[in-house]
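S.K.: Okay, here's the structure, questions in a sec.
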Amino acid sequence: MELLQQLTFLERGIIAGVIIGFICPLLGAFLLVRRITIISEALSHITLTGIAAGIFLSQSALWLGFINPLYTGLVFSLAGSLLIEKLRQIYKHFQELAIPIILSSGIGLGAILISLSQGSYNEWYNYLFGSIVTVRLGDLGFIFFTGVLALVILIMFYKELLSISFDQEFAKTSGIGVRKINFFFSLLIALVISMSMKVVGILLVGAMVTLPVAASIQLAKSFRQVVIFGILFGELAMIGGIYFSYHLNVATGGMIVVTGVVLLLIAVILKRFRTGLA
Amino acid sequence: MISVFFQYDFLKYALYTGLMVGFLAPFLGVFLVVRRLSLIADALSHITLSGIAFSLLLGRYYGFFAGLNPIYMGAAFSVGGALMIERLRTVYVYYKELAIPIILSAGIGIGVVFISLANGFNNDLFNYLFGSVVAVTKSDFHLIIGITIVVTLLLVLFYKELFFLSFDEDQAVISGIPRRFLHVLFIIMVALVIAASMRVVGILLVSSLMTLPVAAAMRLARGFKQMFVYAVVFGELSVIVGLISAFHLDLAPGGTIVIINVIILLVVVLLTRKRV
C-alpha cells in the first residue's frame, strides 16, 4: 500500500492506461463478432449523463456529497444497455434505431445537466476527452477492481460468451441461459466503459474498444489471434499515445486514438501487401 | 415569451436557423432511417468536429483561415468522412458495420488533437459541442439559408428516385436509376445539413434531430408521406420549444431540443402501445 502511495501522477496514469489497453480490446473482440461494436459508443455517451447527474447531485444537496460520479456513470451505462435491449423489442423492424436513440438522448440529457451544474468547463473537458494527470489513487483503485471484475466475468463465461457471439440460436438450443449471459455481457460493457473513461475520455472510449480489433482482424486468422493482436495493438496505442501526448503536450485521449488510427492504417496496408504477394 | 426572440438580432437568427434546421433534419432523417443508415449521421457529425478543429488550428497560423467560417471546413470534412465510410465498407467486406464506429472514433480523436494543438479548450468549443442560442452570426445565417435552398431543391428534384431507392434498391437499379451517384448525392446532403444544424443544436446532438422525430413519426404514420409530416412537425415543435426554454432557463439549446424530442418519443411509444 505504501508503494502505491509513492507513485507519481504519471506512473498512476500509465498503470491505468496499461490495464485499460488490455481489457478494452478483449471486450472489443466479442463485440466485433457479435456485430455490435457501435454499442460501446452509445453506452459511453450515456455514461456522460451518469457522470453529469452524479456531479449535479453531489453539488445540489450536501448529504449527497459522497456520490462519486464514476459510480453514477456505471449505473447509467448499465441502465442504458438494458434500455437498448428493450428498444430493440419496440422497434422490431428497425432494431438499429435503438442505438442512435440511446446515444442522442444520453448526450442530450448530459448537456442539460452540464449546463445546470456549476463546474468549470475545463473539468468537463477532462471527462469528455480524458486526462492522464487527473488519475488519483482512488481512481486507480476503481480501474483496478473493475478491471479484475471484468476479467473474472470474461474467464468464467468465456465459453458461453463465445458460443452466443457466434451463433445465438445454437447457444440457446445447447442449453445456455442466453438471457443471463446477455445480462452479464451488458454488465461487462458497462464496467469496461466506466473504467476507461477517466484516462481516455467519454467520447473516446468507443475508439479504444473498436480500433485495435479492427486492426487485428485484418491480420488474424482465428478468434484467439484477434484477441491477442487486439491486445497488442491496444497496448501499443495506449503507451504510444501517452508518450506522444506527454512530449507534444496534446490531449491524451486524442493522441491515444490517433495512434490507434495509425496502427489501423498500417494493418490495412500490411494486409494489402500480403494479399498482393500471395 | 417568444416576443423576445424578435427584439434581438442574434435571437432572431437563432430562431430562423432553428426553424430551417427543424424542417431539413427530420426530412432527410426519414430517408436515413428507412435506408437503415441512421448511424451515419452520428459518424458524420463527429467528423465535422475534426473539420472545425482543423479550421480553428489553421486560423491561428494563416490569416485567410482566421476569416473563414469554420463551418465550411466542417462540411468539407464531413463529406470526406462520408466517402471514407464507403471506402471502408469495401475493406471490411465481412464486417461492414465496423466502418461507422471507426470513422466516428477517428473523427473525434483527430478533432481532440487539433483542438489541443490550437489551445482551443474554452467556452467556444462547448458551444460547438452542445449548441448555443447566441452563437449564430449573420454569416452563419446566410450560409444556412444557402444550404436550405440547395438541399430543398435537390430533394424536390430527386424525390422520386430517392423514394424508389429507399424501398427497393434492386428494383431501382434495374430500372436504370444511378445508385452510386444518388447515394453520394444523398450523403453530401446529409453532410451539409449537419453543418447547418451544428450552430444551434451542437455537433454531438445533430444526429438526434435526424433520428428521434423520425422514430416517433414511425410509430404513428400510416404511410410514407405521413411519416414526413409527423417527423417535420415533431422536429419543428422540439426546436421551437427547445430554443425558448433554453433561452429562459439558461440551458444548452441542443440539450433541451433533444430532451423534448425524447419526451415526444416516449409519449408516442406509450400511446401506440395502448392502441395495439
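S.K.: Among A:Phe166, A:Gly206, A:Gly147, whose Cα lies farthest out toward the positive end of the dipole of the protein assembly as shown, if unit charges sit on the beta carbon of Lys, Arg (+1) and Asp, Glu (-1)?
M.R.: Selected residue: A:Phe166.
S.K.: Nearest 20 debye, what's the magnitude of the dipole of chain B about its Cα centre given +1 on Lys and Arg Cβ and -1 on Asp and Glu Cβ? Before the final figure, lay out the partial values.
M.R.: Working: 18 positive and 12 negative charges, 121 e Å.
The calculated dipole for chain B is roughly 580 debye.
S.K.: How big is the dipole moment of chain A about its Cα centre under a simple scheme where the beta carbon of each Lys and Arg is +1, that of each Asp and Glu is -1, and everything else is neutral? Debye, nearest 20, please. Walk me through the numbers before you get to the answer.
M.R.: On the way: 17 positive and 11 negative charges, 160 e Å.
My answer is approximately 780 debye.
S.K.: Still on this model: Between B:Tyr8 and B:Tyr72, how high is the FRET efficiency from 1/(1 + (r/R0)^6) when r is the Cβ-Cβ distance and R₀ = 22 Å? Nearest 0.05. Provide the component values of the computation, followed by the final result.
M.R.: Details: r = 26 Å, r/R0 = 1.19.
So the FRET efficiency works out to roughly 0.25.
S.K.: Tabulate in residue order the Karplus-calculated ³J(HN,Hα) for region A:107-115, using 6.51 cos²θ - 1.76 cosθ + 1.60 with θ = phi - 60°, rounded to whole Hz; enter x for Gly and Pro.
M.R.: 6, x, 4, x, 4, 5, 5, 5, 6
S.K.: Decide, for region B:4-275, between rounded, prolate and oblate: order the square roots of the alpha carbon gyration tensor eigenvalues as a ≥ b ≥ c, take rounded if a/c falls under 1.5, and otherwise choose prolate if a/b is larger than b/c, else oblate. Working shown, then result.
M.R.: Details: a/c = 1.67, a/b = 1.14, b/c = 1.47.
Judged from the Cα gyration tensor, region B:4-275 comes out oblate (a/c at least 1.5, b/c at or above a/b).
S.K.: So for the protein assembly as shown, taking the charge dipole from beta-carbon charges (+1 Lys/Arg, -1 Asp/Glu), which of B:Thr148, B:Val136, A:Phe30 sits furthest toward the positive end?
M.R.: A:Phe30
S.K.: I've got another one for you. Gap in Å between the Cα centre of region A:14-41 and the Cα centre of region B:62-115?
M.R.: Spelled out, the Cα-based centre of one part sits 22 Å from the other.
S.K.: Something else now. Determine, for B:Val91, B:Val258, the number of other Cβ atoms within 10 Å of each Cβ, and report the residues in order from fewest to most. Mind dumping the intermediate values first?
M.R.: Working: B:Val91 17, B:Val258 33.
Ranked by crowding around the Cβ, least crowded first: B:Val91, B:Val258.
S.K.: How much FRET efficiency would the formula 1/(1 + (r/R0)^6) give for B:Lys160 and A:Asn182, where r is the Cβ-Cβ distance and R0 is 45 Å, rounded to 0.05?
M.R.: Values: r = 43 Å, r/R0 = 0.95.
Efficiency computed from Cβ-Cβ geometry: 0.60.
S.K.: Taking the Cα centre of region B:4-275 as the origin and placing charges on Cβ (Lys, Arg +1; Asp, Glu -1), which of B:Ser175, B:Phe247, B:Ser116 is farthest toward the positive end of the dipole?
M.R.: B:Ser175
S.K.: While we're on this one: When the dipole is taken about the Cα centre of region B:32-169, and only Lys, Arg (+1) and Asp, Glu (-1) are charged at their Cβ, what size is it in debye, to the nearest 20? Could the numbers behind the result be given before it?
M.R.: Values: 8 positive and 8 negative charges, 25 e Å.
That gives region B:32-169 a dipole magnitude of about 120 debye.
S.K.: With labels modelled as points extended 7 Å from the Cα through the Cβ direction, what inter-label distance (nm, one decimal) is found for A:Thr173 paired with B:Glu86?
M.R.: 4.1
S.K.: 7 Å from Cα along Cα→Cβ at both A:Leu219 and A:Arg34: what's the point-to-point distance in nm?
M.R.: For the pair A:Leu219/A:Arg34, the computed spacing is 2.7 nm.
S.K.: Largest first and in whole Å, give the semi-axes of the protein assembly as shown's equivalent ellipsoid, each being the square root of 5 times a Cα gyration tensor eigenvalue. Mind dumping the intermediate values first?
M.R.: Working: eigenvalues 233, 161, 121 Å².
Rounded to whole Å, the semi-axes are 34, 28, 25.
S.K.: How do the peptides B:102-109, B:59-66 rank, highest first, by the average count of neighbouring beta carbon atoms within 10 Å per residue? Walk me through the numbers on the way to the answer.
M.R.: Details: B:102-109: 27.5, B:59-66: 11.9.
Output ranking for B:102-109, B:59-66: B:102-109, B:59-66.
S.K.: Just the projected area, averaged over all directions, of the convex hull on the alpha carbon atoms of chain A: how many nm²? Before the final figure, lay out each step's value.
M.R.: Working: hull surface 68.7 nm².
So the mean shadow area of the Cα hull is 17.2 nm².
S.K.: Quick one: length gained pulling B:Asp250 to B:Tyr62 fully straight, 0.36 nm per residue minus the C-alpha distance?
M.R.: On the way: separation 188, 0.36 × 188 = 67.68 nm, distance 3.52 nm.
Full extension from B:Asp250 to B:Tyr62 adds 64.2 nm.
S.K.: May I pose another question? Given R₀ = 51 Å, what would the calculated FRET efficiency be for B:Val233 paired with A:Leu151, taking r from the Cβ atoms and rounding to 0.05?
M.R.: Values: r = 50 Å, r/R0 = 0.98.
My answer for the efficiency is 0.55.
S.K.: How large is log10 I(q)/I(0) at q = 0.12, 0.31 Å⁻¹ when the Debye formula is applied to the Cα atoms of region B:224-276, each weighted equally and without solvent?
M.R.: Ignoring solvent entirely, the Cα scatterers give -0.32, -1.09.
S.K.: Let me ask you something else. Binning at 5 angstrom from zero up to the longest distance, how are the C-alpha pair distances of region B:103-193 distributed in percent?
M.R.: 2, 11, 14, 15, 14, 14, 12, 9, 6, 3, 1
S.K.: Would you mind ranking A:Trp63, A:Trp124 so that the residue whose beta carbon has the fewest other beta carbons within 10 Å leads the list?
M.R.: Values: A:Trp63 7, A:Trp124 21.
Lowest to highest Cβ neighbour count: A:Trp63, A:Trp124.
S.K.: Can you sort A:Lys198, A:Lys159 so the residue with the fewest Cβ neighbours within 10 Å comes first?
M.R.: On the way: A:Lys198 25, A:Lys159 10.
Neighbour counts put them in this order, fewest first: A:Lys159, A:Lys198.
S.K.: Here is a follow-up. Compute from the Cα atoms of region B:196-243 the Rg and the Dmax, the latter being the longest Cα-Cα distance, and quote both in angstrom.
M.R.: Cα-based Rg and Dmax for region B:196-243 come out at 11.2, 34 Å.
S.K.: Let me ask something else about it. Write down Rg/Rh for region B:167-220, rounded to two decimals, with Rg from the C-alpha atoms and Rh from the Kirkwood relation over Cα pairs. Could the numbers behind the result be given before it?
M.R.: On the way: Rg = 14.7 Å, Rh = 13.2 Å.
We get a ratio of 1.12 for region B:167-220.
S.K.: Let me ask something additional. Could you give the spread of the C-alpha atoms of region A:47-206 along their three principal axes, from largest to smallest, in whole angstroms?
M.R.: 53, 36, 29
Readers should treat all values here as calculations from the given coordinates under stated rules, not as data from a laboratory. Predicted model, so just to flag it, every value in this text is computed and none were measured. Here Cβ is always computed from backbone atoms with ideal geometry, including for glycine, and neighbour counts include all displayed protein chains.
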